[in-house]
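What follows draws every value from the coordinates through simple rules; no lab data is involved. These numbers were taken from a predicted model, which means no experiment stands behind them. In this analysis, Cβ positions are derived from the backbone assuming ideal geometry, glycine residues included, and neighbour counts consider all displayed protein chains.
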Amino acid sequence: MIPKPTLDVPRALAKTRLVIVLSLLAFAAAAGLVGGFVAKALLNPGAVVRQLENYAPPVPTRILDVRGRLIASFYAEKREIIPFHEIPPALIQATLATEDEHFEDHYGFNPWRILKAALVDVVTLSKEQGGSTITLQLSKVLFLDHGKRFSRKIAELWYAIQIERLYTKKEILWFYFNQINYGHGCYGVEAAAQFYFRKHARDLGTAECALLAGIPKSPVYFSPLRFPRNAIARHRLVLSNLVRKGVLTRSEAIALHEDFWLEFSSKTRVVNATVSELENSEAPYFIEYVRDRLEKLFSRETLYKGGLSVYTTLNLDHQRAAEKFLKEKLEEQDRTRKWHMQPIREALDNEAFDQVEVHALALGLALPTARTRRQNRVRDQLQNEAREPLSAMALLFGADRLHQVLRAGVAAADADDNEDEKVEGAFVSIDPSTGHITAMVGGTRFQYYNQFNRVLMARRQIGSAVKPFIYAPAIDKKLITAATPLSDAPIAFGGVRAGEDELYVPKNYDGDYKGTIPVREALRRSVNTCALLVLDKVGSETVREYAKRVFRIRTDKDLWEKFPNDVTMALGTGAFTPMEMAQAFGVFANEGREIIPLSIRSVVGRGGEVITNFEKVVAREKRAALFSPATAFLMTDILSGVFDAGGTANRRELDGYRLREVSSGKTGTTGNWTDAWFVGFHRYLVAAVWIGYDSNKSLGKGRTGGDLAAPVWINFMKECFNGARPVEWKPPVDLVKVRVSRRSGKLESPNTVDGHEEWFLRGTEPSEYDDSYGREVREKQHFIDLIRKKKPGTALPIPQ
């Protein structure tokens with residue numbers, strides 16, 4: 001039998017007396033401190049607290065498009081300041097009922113709550129209790145750190161009294177609801193409402209207000225995403241407080257609680273996400289491009305808390321059109337490849353593996369074919385059917401590790417299985433007259449942890465898109481004209497690189513030769529042999545000198561990578577980014593002058609003052625003349641033929657394109673159909689499109705720049721500019737137009753049957769008259785006459 005414990009009466013009485021004495025001392029000390037600080041606060045003017053009259057908490061920097069539309073925000077604390085009338089009354093009621101029910105009656109602090117907290121802290125020898133009011137909380141977040149020191153508590157009390165002296169209760173509530181931390185990077189009720197509920201604060205319901213009212217006490221512990229059980233209990237408490245205050249009936253509170261959590265729990269959310277990670281920008285690659293520049297100009301404090309307004313060059317209409325049409329073409333490419341590859345995979349799975357297994361068994365070999373098939377099928381099942389439901393469950397129940405494994409596992413499977421790789425693309429557009437970047441799409445799968453921007457970082461071979469920069473120097477040097485005849489026939493060049501003896505015989509894309517054709521047609525049809533003849537005529541060093549200026553090449557290594565010093569230079573074996581290509585083609589659109597890409601027009605401070613105006617800075621810079629205006633006009637005119645019949649970008653999408661007659665461009669396709677390019681321009685805009693696989697996999701036989709990239713460009717231009725007035729290119733004064741023979745390039749004569757008008761740099765127009773067709777006609781007629789005059793039994797005379 002367990003004996004009953006005996007009570008030590010003297011020891012118990014002694015302990016009780018000690019507690020009473022300590023409590024009285026604590027009461028006296030607290031009363032003295034409170035009285036002293038009240039007196040001090042009443043006499044002190046509160047100069048520091050008067051700073052609230054110019055209330056300016058950390059405010060996000062806004063990134064705006066060319067029309068002033070919001071694209072994104074940069075912030076350390078996501079906050080949007082709203083006026084008092086937009087703060088929901090239900091939120092005020094719920095917050096006061098839970099955090100400070102005597103708010104309207106006290107002068108910044110509740111002495112009874114403070115004394116109670118002090119007594120508990122003395123008895124427990126801790127600093128865990130608080131007697132906080134709304135005003136005390138506000139003074140803490142505005143002026144103090146978050147420690148639990150007694151000295152900080154005293155300072156907090158002093159600031160609270162000063163706030164109450166200087167501001168009305170309504171003003172204090174306005175400060176509070178725009179300042180307080182609601183977790184996950186949200187500061188202020190507007191940011192919290194948009195993060196948790198995707199709505200404005202003014203539209204919140206009572207249950208939603210009750211959830212937010214319970215978070216500030218401990219934003220992490222009461223997070224409905226990280227710790228839903230804690231949040232549910234806290235939500236119930238807040239609603240109970242509203243019942244106690246007579247705002248709700250008990251049945252209403254129960255119904256609100258149950259309905260809210262039923263709906264809230266049904267939505268899958270990322271448990272540890274912050275508002276910055278979940279906030280989607282319409283132009284993420286462009287935004288990161290701008291962020292990189294701003295971080296070099298401003299401190300982090302200014303950029304993320306200073307409330308700057310950054311006016312960029314982006315046009316959201318252009319951005320949306322670029323993303324829309326690029327996405328459509330990439331999805332079409334994925335479907336096409338899958339349609340071609342599926343029968344092959346099925347044949348391997350159902351036929352080839354079985355035969356390999358049989359032969360392996362007969363030879364006594366242990367091959368992993370059966371295991372490979374099982375792995376493939378399990379992976380396909382996981383990826384196509386099980387991944388999404390499992391991920392949703394993992395997120396809903398907080399199983400972060402399972403979610404990470406699922407995501408990483410499928411990503412690894414995608415990486416291992418090249419057939420499942422998705423095609424990628426890039427798009428950038430620039431106003432050639434100003435350098436304004438109006439759209440930028442760096443890929444299809446932007447993530448905050450993976451920001452590879454193909455517009456700026458992906459160097460890819462450009463194929464025939466290089467040819468304008470082979471022809472342009474030859475025209476600028478007056479070595480050829482648009483009418484110069486070139487021989488498209490088999491030809492052998494010396495070693496591809498210096499010191500090599502092997503001959504190089506170029507081939508055309510279609511494997512055919514077209515005989516003698518003029519420069520205009522050779523470029524329109526993208527004939528390889530003719531491009532090599534022009535390179536041979538102008539010389540590789542001359543081309544490289546022009547290229548260094550046009551592409552702004554700074555180092556010999558970069559020059560070699562872009563324009564190798566051999567004949568393959570004319571076939572586009574160099575590697576370029578889409579930005580470099582758009583910038584280079586923009587030179588033709590800008591009358592031969594260089595263009596300087598610009599992403600930020602100006603930066604305006606929080607008070608409306610202009611901090612930096614980049615447009616004015618760029619406008620003062622002198623644009624270098626890289627080609628003569630006449631050469632630029634001539635190249636623009638020649639490249640307009642790409643859209644004509646027989647041109648490499650003549651596609652059905654051109655139907656209804658109003659700016660067709662004033663648009664120019666060039667396609668590019670690399671060996672084994674690895675890269676598909678189109679770079680085009682008109683008076684208003686230059687744009688570059690690239691499509692390919694990051695792994696350099698083939699797009700598929702016949703998948704050219706004209707098939708994949710050109711339709712994206714055409715559809716984009718139709719969407720953005722079909723309401724624009726076509727602006728003809730005005731020919732410079734040092735150009736002349738004369739009629740010449742298409743075949744010989746000489747002046748038209750009465751006997752010429754293929755005459756047409758052609759532009760020439762003044763001084764390069766032909767002086768001889770064409771007689772090729774007349775001579776052919778005369779020779780043909782002479783032969784006919786000989787046959788008619790021939791007598792029976794005599795032989796035709798053979799010309800010697």
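Observations, loosely collected:
- For the pair Arg300 and Val753, a Förster radius of 51 Å applied to the C-beta separation gives a FRET efficiency near 0.10, rounded to the nearest 0.05.
- If the chain linking Lys507 and Arg606 were pulled fully straight, counting 0.36 nm for each residue of separation and taking away their Cα-Cα distance, it would gain 29.5 nm.
- Neighbour-limited loop hits for trypsin sites (Lys or Arg not before Pro), the range 517-611 (at most 12 other Cβ within 10 Å; DSSP other than H, G, I, E, B): Arg554
- Residues Leu70 and Lys217, FRET efficiency given R0 of 41 Å [Cβ-Cβ distance, rounded to 0.05]: 0.80
- Listed pairs Lys78/Lys616; Lys327/Lys718; Lys338/Lys514 exceeding 26 Å between Cα atoms: Lys78/Lys616; Lys338/Lys514
- Here is the list for the range 743-773: trypsin sites (Lys or Arg not before Pro) lying in DSSP coil, each with at most 15 other C-beta atoms within 10 angstrom of its C-beta, are Arg762.
- Using the average count of surrounding beta-carbon atoms within 10 Å as a protection proxy, the listed peptides 433-442, 250-259 rank, highest first, as 433-442, 250-259.
- Inter-probe distance in nm under a simple model that places probes 7 Å from Cα toward Cβ, at Glu421 and Ile596: 3.9 nm
- Here the calculated FRET efficiency for Leu479 and Ser251, from their Cβ-Cβ distance with R0 = 56 Å, stands at 0.05, rounded to the nearest 0.05.
- In this structure, the residue pairs whose Cα-Cα separation is over 23 Å, taken from Lys622/Lys737; Lys329/Lys701; Lys467/Lys507; Lys140/Lys170; Lys169/Lys245, are Lys622/Lys737.
- When both the range 195-236 and the range 591-644 are represented by their alpha-carbon centers, they are found 50 Å apart.
- Two-site label geometry, Arg788 and Phe197: point separation in nm, points 7 Å out along Cα→Cβ: 9.9 nm
- Dipole magnitude for the range 570-729: about 200 debye, using +1 per Lys or Arg Cβ and -1 per Asp or Glu Cβ, origin at the Cα centre.
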